[in-house]
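Colleague: Let me give you the structure first, and then I'll get to my questions.
The values are calculated or read from the model by the stated rules, or taken from the named source; none is laboratory data. Everything numeric here is computed off the predicted structure, so don't read it as measured data. Cβ placement follows ideal geometry from the backbone for every residue including glycine, while neighbour counts extend to all protein chains displayed. These area figures cover heavy atoms from the full protein model, side chains too; ligands, DNA and RNA do not enter into them. Shrake-Rupley method; radii C 1.70, N 1.55, O 1.52, S 1.80 Å.
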Amino acid sequence: LWIDATYVKTREAGRIVSVAVIIAVGVNTEGQREVLGMKVGASEAEPFWTDFLRSLNRRGLRGVKLVISDSHEGIKAAVSKVLKATWQRCRVHFMRNAQAHGGKTQRRMVAAAIGTVFVQDTAEAARAQWRTVADQLRERFPKLGALMDDAEHDVLAFMTFPKAHWPQTDSTNPLERLNADIKRRTHVVGIFPNDGAITRLVGAMMLEQNDEGSLNRRYMQLEGLQSLCDTAPARLSAVAR
């Protein structure tokens with residue numbers, strides 16, 4: 001399950017304010033991507049995310065194994081409370097945070113050093129390389145070393161899942177296209193008259209994306225997904241007896 005938010009402008013009590021549009025996309029047991037829900041709210045506070053995730057549960061969401069998002073505290077708290085699934089900190093967002101600690105002249109070097117972690121073949125090797133890189137950077141960038149110490153488990157959580165899925169589950173990139181489309185379409189409108197207008201436009205876009213996803217090829221391999229399912233697949237005889 002990937003969740004993320006983007007912001008658009010609307011009118012409220014005669015003022016122009018920014019509101020969050022949050023989107024949830026999941027991959028089902030058939031390997032197909034589905035847009036599971038969207039909601040408009042004043043902010044990304046924990047109660048807002050909690051209510052959103054509970055609404056997905058009420059509509060039948062079950063069996064979530066991994067949630068990928070940025071490191072927003074409201075999301076983390078809501079995921080722990082409602083879904084009780086493994087949480088993956090978006091690798092792309094983390095790299096931006098890490099590079100900010102290196103200064104303008106050292107950002108490329110920091111990115112290259114941390115990037116060596118993600119080319120490892122196993123989770124064990126990646127964790128060992130993570131700690132090696134953290135120790136190498138710690139002397140010059142103490143805050144970056146501390147950041148890596150704190151983030152190791154969350155940034156590498158995807159490696160405890162099937163390796164075939166690693167490229168899709170280490171970041172919120174599967175949502176980037178949707179967010180870009182939302183920004184492009186809402187930019188044309190500029191300022192919405194109310195939240196309902198945002199819901200109608202973005203909701204129609206998400207329905208269109210969901211239909212498109214159902215026609216495309218599988219996003220994930222079935223073999224890896226079956227190993228994560230709570231129920232074993234049944235094999236039926238090809239000929240009735």
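Colleague: Return a yes/no flag: does region 160-177 have any residue that is modelled with pLDDT of 80 or more, among the basic types (Lys, Arg) and not assigned by the TED database to the domain that holds residue 29.
Modeller: The answer is yes, given that some residue of region 160-177 is modelled with pLDDT of 80 or more, among the basic types (Lys, Arg) and not assigned by the TED database to the domain that holds residue 29.
Colleague: Could you tell me which of the residues 45, 24 is surrounded by 14 or more Cβ atoms within 10 Å (Cβ to Cβ), aliphatic (A, V, I, L, M), more than 27 Å from residue 166 (Cβ to Cβ) and without any contact (Cβ under 8 Å) to a residue 60 or more places away in the chain?
Modeller: Residue meeting the stated conditions: 45.
Colleague: Out of contact with any Pro (no Cβ under 7 Å at 6 or more places or on another chain) and either open to solvent by less than 20 Å² (accessible area, probe 1.4 Å) or under 30 Å from residue 207 (Cβ atoms) (or both): which single residue out of 169, 132, 160, 116 fits that description?
Modeller: 169
Colleague: How many residues does region 27-60 contain that are assigned to a strand (DSSP E or B) and out of contact with any helix residue (DSSP H, G or I) (no Cβ under 9 Å at 6 or more places or on another chain)?
Modeller: Adding up the residues that qualify gives 0.
Colleague: Is there any pair linking a residue in region 73-98 that is aromatic (Phe, Trp, Tyr) to one that is part of a loop (DSSP other than H, G, I, E, B), with Cβ under 8 Å and at least six apart or on different chains, and which?
Modeller: Matching pairs, first to second residue: 94/71.
Colleague: Residues being more than 13 Å from residue 123 (Cα to Cα) and either open to solvent by less than 30 Å² (accessible area, probe 1.4 Å) or in contact (Cβ under 8 Å) with a residue 12 or more places away in the chain (or both): count how many of those fall in region 141-157.
Modeller: Number satisfying all stated conditions: 8.
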